[in-house]
Amino acid sequence: MSETKELMVRDLKKWFRSPAWLFASLVQPILWLVLFGNAFNPTSMIPSFPGSEGVKTQILQSTFGGAPNYITFLAAGMLCFLVVTWAMWAGGPLVTDRSLGYLNKLLVAPISRTAITFSLLLSSILKGIVLSAILLVVALLLPGGLVFGGGFGAMDLLGVFAALTLLSVGFLWLFMMLSVRARRFETLAAIGSTLGLPLLFASSALLPVASMPGWLAAVAQVNPISKAADIIRYLIIQGSLGGAALSSVASDFAYLGAFAAICTILGIIMSNRGLRME
Amino acid sequence: MSKVIEARGLTKVYPPSTKAVDGVSFTVDEGEIFGFLGPNGAGKTTTIKMLTTLASISEGSCEVAGYDVKTKQGEVRMCIGLVPQDAATDGDLTGMENLILSAKLYKVPDAIASRRANELLDLVGLKDSANRLARTYSGGMKKRLELITGLIHEPRILFLDEPTLGLDIQTRVAMWDYINGINRDSKVTIFLTTHYLEEADSLCRRVAIIDHGQIKALDSPSTLKASLGGDLLEIQLPEGPDISAKLSLMEGVCEVRRRGNVYSLRTANIEKSLQAISVGLWKLGLKMEDARLVRPSLDQVFLNVTGRSIRDSMVDSGDVVVARARAESARN
């Protein structure tokens with residue numbers, strides 16, 4: 001266990017010492033929120049006419065889950081996208097260590113093979129939580145930005161981070177399986193950048209599933225990003241849940257939990273296999 | 001003397017049928033510096049990988065520090081240190097952080113780790129650079145840091161894979177001093193691979209010459225050189241027909257090799273043969289344009305056991321230039 005912590009600290013140190021990475025990881029989520037939030041804002045597409053305000057409110061109410069504005073709806077999706085993106089790159093140091101030769105140094109040490117992958121996993125989760133918190137604060141400060149529902153409390157905040165963590169654990173292991181096999185960073189970059197945006201668009205992160213054509217809605221409904229986004233949205237907009245909302249959030253949590261568990265089991269088996277002897 | 005490595009018929013087959021190491025057997029004594037000498041691709045790194053649990057053993061068996069490498073990997077890992085051929089340190093960490101991280105992976109208690117880290121940094125002259133990021137180090141400093149990170153947990157056996165690859169000559173000689181010093185002071189057994197003849201010659205108590213995955217000769221450098229059976233006289237003659245056959249009949253000449261108009265004559269005793277050779281040549285009406293005595297070197301041993309020069313077998317390698325320059329400066 002202690003070696004996992006040491007290797008995690010190593011990864012976090014490297015993150016802090018790389019100014020470009022650190023800058024990008026702070027600015028990127030903010031840019032997403034500001035740009036997506038304003039460019040895609042569906043309510044701004046409705047022309048002004050007498051009574052148009054009422055139509056906007058109605059659309060927000062019926063299609064956007066009762067969000068007071070689009071950024072409140074979008075914030076949940078952006079939080080999910082943020083942690084999924086981090087999950088994709090979490091295995092990057094492993095690929096670099098392998099190509100530089102440092103991995104051999106780790107593999108001859110008397111440490112468990114899982115310590116190598118677990119440490120990267122934990123450091124990525126930590127980074128994700130820090131960046132998500134920053135994103136939440138920025139969303140709150142934006143003009144016309146995030147508005148928490150009246151009942152929002154500490155438990156709801158905990159729920160938000162729990163959903164984000166489950167989502168990121170699942171994607172972390174999926175991409176870790178790839179990272180232990182990739183011999184070049186380009187492999188990871190190619191797959192990550194190919195999958196990233198499609199995963200985002202085929203989910204309820206940006207727009208409600210109800211507005212999608214059937215085939216896309218079918219994909220979005222099984223996409224774990226949608227489940228996490230829906231949970232976070234419920235918690236943010238409504239807070240202290242009860243009744244139907246509570247059971248819907250509970251079933252989404254169960255879905256995410258199963259996704260994380262299956263990916264973890266597969267991920268541990270596959271990545272230990274990828275790190276075994278030549 | 002007790003044996004810390006015992007390899008019997010070690011073989012590594014990479015699928016589908018590449019035999020990187022082919023039935024290698026040897027033992028390493030406690031406390032000695034043992035070298036694997038051979039050209040690139042001879043199977044040196046693969047052997048190290050098998051000995052250090054990085055690669056599985058296809059055939060044969062091996063004990064390291066008394067533990068079977070196939071079944072007791074955890075125990076073997078506790079007893080060994082490895083300095084791989086390429087980066088063994090993290091450039092984004094300082095020299096000190098690299099050492100401490102390595103110590104923690106081997107569960108060295110904190111107080112001991114920091115005392116030892118300071119000692120080791122001092123030993124290789126890196127004390128003043130301890131808190132700089134390793135990526136700002138020069139090539140020689142990096143190699144020294146890599147060397148001591150392999151020692152932080154006081155292993156019984158230290159494996160060095162090409163410890164001076166790519167270093168300039170002065171830096172290489174300085175590394176030899178450090179390696180010798182460490183072996184002398186801490187009594188750690190050192191297993192190293194190299195394709196530099198001078199390195200094997202100046203560091204190793206015993207050398208195994210490896211080529212195409214097989215050990216061609218194994219002994220101390222001096223015994224290997226003595227096995228050549230005498231001195232080598234290189235003479236340059238004017239352009240003309242091959243007179244190897246005539247040369248080999250001269251008194252005391254055991255063997256003749258010819259490259260163009262340069263002949264290498266192996267003689268049991270050069271003092272006795274020199275006169276016979278010069279008289280013989282005078283009778284043939286030939287005059288030596290150049291002559292020199294070549295003292296037996298590991299290069300000749302290599303040539304003798306593999307049939308080619310170690311430098312010729314590495315023409316693709318950029319290091320050949322350095323190796324040649326070094327060999328030439330040593331000869332002149």
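The values are calculated or read from the model by the stated rules, or taken from the named source; none is laboratory data. These figures come from a predicted structure and were not determined experimentally. Virtual Cβ from ideal backbone geometry, glycine too; neighbours counted across all protein chains shown.
Couple of notes before you dig in:
To keep it simple, each residue is scored yes or no on (1) assigned to a loop (DSSP other than H, G, I, E, B); (2) free of Cβ contacts under 8 Å to residues at least 24 places away in the same chain; (3) polar (S, T, N, Q); (4) in contact with a Leu (Cβ under 8 Å, 6 or more places away or on another chain).
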position: B:Leu145; (1), (2), (3), (4): no, no, no, yes
position: B:Gly166; (1), (2), (3), (4): yes, no, no, no
position: B:Arg172; (1), (2), (3), (4): no, no, no, no
position: B:Asp201; (1), (2), (3), (4): no, no, no, yes
position: B:Ile209; (1), (2), (3), (4): no, no, no, yes
position: B:Ser222; (1), (2), (3), (4): no, yes, yes, no
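- Filtering region B:108-116 for residues that are within 25 Å of B:Ile33 (Cβ to Cβ), more than 14 Å from chain A (Cβ to nearest Cβ) and surrounded by fewer than 23 Cβ atoms within 10 Å (Cβ to Cβ) leaves a non-empty set.
- Matching residues, region A:132-186, being touching an Asp or Glu at 6+ places or on another chain (Cβ under 9 Å) and either polar (S, T, N, Q) or over 30 Å from A:Gly274 (Cβ atoms) (or both): A:Phe148, A:Gly149
- Within region A:1-97, helices (runs of 4 or more DSSP H) holding 2 or more residues that are more than 14 Å from chain B (Cβ to nearest Cβ): A:19-39, A:52-62, A:70-89
- Of the helices (runs of 4 or more DSSP H) that lie entirely inside region A:168-278, those containing 2 or more residues that are surrounded by fewer than 17 Cβ atoms within 10 Å (Cβ to Cβ) and of a type in the set (A, V, I, L, M, F, W, C) span A:185-201, A:214-222, A:243-274.
- Residue among A:Leu106, A:Leu100, A:Leu120 that alone is aliphatic (A, V, I, L, M), under 20 Å from B:Leu93 (Cβ atoms) and out of contact with any helix residue (DSSP H, G or I) (no Cβ under 8 Å at 6 or more places or on another chain): A:Leu100
- Selection count where residues are away from every other protein chain (no Cβ under 11 Å), under 22 Å from B:His212 (Cβ atoms) and not in a helix (DSSP H, G or I), scope region B:29-59: 11
- Where a residue in region B:16-36 is free of Cβ contacts under 8 Å to residues at least 40 places away in the same chain and its partner, wherever it lies, is not hydrophobic (A, V, I, L, M, F, W, C), with Cβ under 9 Å and at least six apart: B:Thr18/B:Lys12; B:Thr27/B:Lys3; B:Thr27/B:Glu6
- One residue alone among B:Gly35, B:Gly81, B:Gly74, B:Gly66 is in the same structural domain as B:Gln214 (by TED's automatic domain parsing) and touching a Gly at 6+ places or on another chain (Cβ under 9 Å), and that residue is B:Gly81.
- Condition broken by A:Leu126, with the remaining ones in (1) within 14 Å of chain B (Cβ to nearest Cβ); (2) under 19 Å from A:Ser18 (Cβ atoms) satisfied: (1)
Yes/no matrix, rows are residues, columns are (1) away from every other protein chain (no Cβ under 14 Å); (2) of a type outside the set (A, V, I, L, M, F, W, C):
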| position | (1), (2) |
| --- | --- |
| B:Lys127 | yes, yes |
| B:Leu145 | no, no |
| B:Asp161 | no, yes |
| B:Phe191 | no, no |
| B:Asp201 | yes, yes |
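- Residues of region A:193-210 that are touching a Ser or Thr at 6+ places or on another chain (Cβ under 8 Å) and of a type in the set (Gly, Ala, Ser): A:Gly196, A:Ser203, A:Ser204, A:Ala205, A:Ala210.
- Evaluation of A:Asn104 against (1) on the phi > 0 side of the Ramachandran plot; (2) free of Cβ contacts under 8 Å to residues at least 24 places away in the same chain (one fails), failing number: (1)
- Hey, B:Ala87 surrounded by fewer than 23 Cβ atoms within 10 Å (Cβ to Cβ), closer than 30 Å to A:Lys14 by Cα and touching a strand residue (DSSP E or B) at 6+ places or on another chain (Cβ under 9 Å) or not: no
- Among the residues examined, B:Tyr67 qualifies as of a type outside the set (Gly, Ala, Ser) and under 30 Å from B:Thr11 (Cβ atoms).
- Region B:60-102, subset on the phi > 0 side of the Ramachandran plot and assigned to a loop (DSSP other than H, G, I, E, B), residue farthest from the other protein chains (Cβ to nearest Cβ): B:Gly66
- A:Ser119 surrounded by 21 or more Cβ atoms within 10 Å (Cβ to Cβ), closer than 30 Å to B:Val108 by Cα, within 14 Å of chain B (Cβ to nearest Cβ) and among the polar types (S, T, N, Q): yes
- Scanning region B:176-190 for residues that are under 13 Å from the mean Cα position of the chain (by Cα) and without any contact (Cβ under 8 Å) to a residue 60 or more places away in the chain returns a single hit, B:Trp176.
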